[in-house]
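Taking it in order: structure first as structure tokens, then the write-up.
Just so you know, all these numbers are worked out from the coordinates, no wet-lab data involved. All values derive from a computational prediction rather than experimental measurement. For neighbour counting, all protein chains shown are included, and Cβ atoms are generated from backbone atoms with ideal geometry for every residue, glycine included.
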Amino acid sequence: MIGDPLRHAMPTAEMAADDSRRPDLLFVNPPSPDGDTWIRCQHRAGQRAPDGTVWPQTALAQLAALFPDREVAILDAAARRSSWQQFSLELERRPPRWYVTLVAGPTLESDLLGVALAKRAGTLTVAFGPAATPVALELLQRCPALDFVLCGEPELTLRELVDAVDACGPGPTPDACSSDDGQICHLTPGLTAIRGLAWRRDGEPRLNAPRPLIPRLDDLPLPRHDLLPLAAYRGPAIEAPAAMIVTGRGCPGRCSFCLKHVTYGHSVRLRSPEHILSELGFLERLGVRHVYMQADLFTVCREQVATLCRLMQAEGPRVRWSCASRVDTVDGELLQLMGRAGCRRITWAIESASDMLLWQNGKGTRADEIDRAIALARAAGIECWGSFLIGLPGETDETVPQTIALAKRLSLQRVIFELAVPRPGTPLWAQAAGRGWLRQGAHWADADVCGPAILDYPWLRATRLEHWLERAYREWALRPGSLWSQLQHLAPARAAASLGVGLSHT
Ligand code: SF4
């Protein structure tokens with residue numbers, strides 16, 4: 001592999017070119033589809049990362065931790081900036097028995113290319129992720145090289161699958177288990193019983209019964225962060241060497257656009273503060289200096305966060321950390337605790353200046369809560385970023401400028417404007433599909449918050465939404481004092497184009 005000087009910066013067990021071992025399981029983040037930086041994540045939607053953020057692959061590390069009895073490796077080809085040719089050669093040189101990859105919507109084509117290359121190298125192939133779960137059968141139909149899809153929470157399903165197949169020895173393959181001549185080998189009943197699994201039987205994709213959620217997240221082993229190229233994970237929001245800790249799964253909110261509906265419904269499960277603290281200690285020993293606290297909603301439970309902060313403070317905060325939150329789930333005391341425990345930044349999910357839009361789309365926060373939360377965070381020494389959505393149902397040419405004006409008025413250190421995107425499995429998808437709001441010719445896999453827009457309202461066309469996205473960044477960038485920092489959010493070509501348009505229009 002070439003082109004990644006960070007790869008050897010830390011001792012890591014990540015798959016290395018001179019390592020001759022053939023892993024039983026290889027957990028894979030494939031190369032970039034187009035040379036840009038892309039985010040694939042089990043806990044958020046996949047998207048292009050115009051600001052260059054290389055996102056920690058904690059979901060792969062969590063899966064790897066389920067196999068202490070096997071030879072496991074993680075290949076984060078995207079973080080290593082591997083080319084597809086290098087990736088293919090590496091797979092052929094040391095094909096694993098199992099190739100496990102996270103599928104995201106906007107990277108779907110390249111994700112499935114990775115699967116095809118792995119199959120050509122003779123591996124069993126597995127996909128998972130919130131983008132794969134609602135369309136598992138479609139994926140199996142579309143990609144003959146894909147053997148299995150893990151629907152919902154992937155950890156226990158994968159463990160049962162590997163145990164069931166490998167119990168048959170090295171010979172059986174899924175093809176042998178579900179051959180076209182109708183022969184079903186003795187393994188098939190075992191596969192049928194694995195909840196949450198999509199697979200092929202007699203060549204036909206089939207979906208088993210859903211898997212219940214893991215009752216206690218503390219029962220999961222700590223993710224194998226040591227297998228990840230931690231020094232490569234960086235971006236405006238995370239400072240290398242960086243890692244992501246998943247503090248909980250699920251959120252009671254009902255935001256119609258949120259991907260949490262796909263895997264967690266309305267459930268919420270939290271890890272204990274002590275369990276999170278032990279993961280922090282592990283990361284510190286690996287040299288990590290920045291942690292992103294990932295949860296569908298980090299501050300969903302005040303008691304969990306407050307206790308965690310007190311424990312961190314008692315030990316002396318040694319890592320900086322950041323998180324995302326919503327403005328109605330914090331108070332001054334909690335924010336003070338967070339600040340003293342090392343929280344450096346909160347990205348507030350503000351979405352819109354319109355209370356009506358927020359209520360109509362299930363968010364339920366109010367504009368007047370925003371100023372309060374931001375003032376309290378600043379008083380606690382915490383930097384504030386804001387994220388905004390353009391194009392939720394009900395959006396108009398009048399509401400978008402209000403949102404842009406709000407972003408400017410709040411004097412946030414950084415803003416993130418994104419297009420509202422309907423994803424399969426979310427209420428917004430059902431609404432958009434039912435009312436004919438999907439752009440003609442658009443496919444669910446095209447859904448990317450950076451565009452192109454796939455929502456297309458009769459009163460606000462997709463091209464208009466794209467115009468507003470560009471304009472939002474342009475207006476923000478042209479605020480005095482924030483021009484150059486905010487241009488980092490745009491890919492170079494778009495940044496130049498945007499600036500050009502902006503200047504010609506002012
Ligand atoms: S607050 Fe809304 S967007 Fe955030 S995790 Fe909960 S449901 Fe999703």
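Relative contact order of the chain, taken over Cα pairs closer than 8 Å and 6 or more residues apart, is 12 percent. Note on the range 13-207: the C-alpha convex hull projects to 10.1 nm² when averaged across all orientations.
Computed about its Cα centre, the charge dipole of the range 246-313 is approximately 120 debye, with only Lys, Arg, Asp and Glu carrying charge at their Cβ.
What longest range of the chain stays clear of loop-exposed trypsin sites (Lys or Arg not before Pro) (DSSP non-H/G/I/E/B, at most 11 other C-beta within 10 angstrom)? By the stated rule (loop sites, at most 11 other Cβ atoms within 10 Å), 217-506. Hey, how many Å between the Cα centroid of the range 201-230 and the Cα centroid of the range 26-98? The two parts, judged by their Cα centres, are 16 Å apart. Taking the Kirkwood radius as Rh and the Cα radius of gyration as Rg, the chain has a ratio of Rg/Rh equal to 0.96. Give me the distance between the Cα centres of the range 236-264 and the range 391-445, rounded to whole Å. Rounded to whole Å, the Cα centres lie 19 Å apart. Derived scalar couplings between HN and Hα for the range 356-362 equal 5, 4, 5, 6, 4, 9, x Hz in order, rounded to whole Hz, by the Karplus curve 6.51 cos²θ - 1.76 cosθ + 1.60 (θ = phi - 60°), x for Gly and Pro. Excluding same-chain neighbours fewer than eight residues apart, the lysines reachable from residue 260 by a Cα-Cα span under 19 Å are 363. Dipole size of the chain about its Cα centre, with +1 on Lys/Arg Cβ and -1 on Asp/Glu Cβ: approximately 840 debye, rounded to the nearest 20. By its C-alpha gyration tensor, with a ≥ b ≥ c as the square roots of the eigenvalues, how is the range 237-501 shaped: rounded for a/c under 1.5, else prolate for a/b larger than b/c, else oblate? Verdict is prolate for the range 237-501. When only Cα pairs below 8 angstrom with a gap of at least 6 residues are kept, the range 13-207 shows a relative contact order of 19 percent.
Along the axis of the charge dipole computed for the range 393-434 (Cβ charges of +1 for Lys and Arg, -1 for Asp and Glu, origin at the Cα centre), the listed residues 427, 402, 412 are led at the positive end by 412.
Taking N as the residue count of the range 243-361, its C-alpha radius of gyration divided by 2.2 N^0.38 Å amounts to 1.09. The range 362-416 gives an Rg/Rh value of 0.99, both radii derived from C-alpha positions and Rh following Kirkwood. Each residue of the range 290-295 was assigned a 3J(HN,Hα) from its phi angle through the Karplus curve 6.51 cos²θ - 1.76 cosθ + 1.60 (θ = phi - 60°); the sequence is 9, 10, 9, 7, 9, 7 Hz, with glycine and proline shown as x.
Rounded to the nearest whole Hz, the Karplus-based 3J(HN,Hα) values (6.51 cos²θ - 1.76 cosθ + 1.60, θ = phi - 60°) of the range 220-234 follow the sequence 6, x, 4, x, 7, 4, 5, 8, 9, x, 4, 5, 8, 7, 7, with x at glycine and proline. Between amide H atoms placed 1.01 Å from N, distances below 5 Å from residue 350 occur with 387, all of them 5 or more places distant or on a separate chain.
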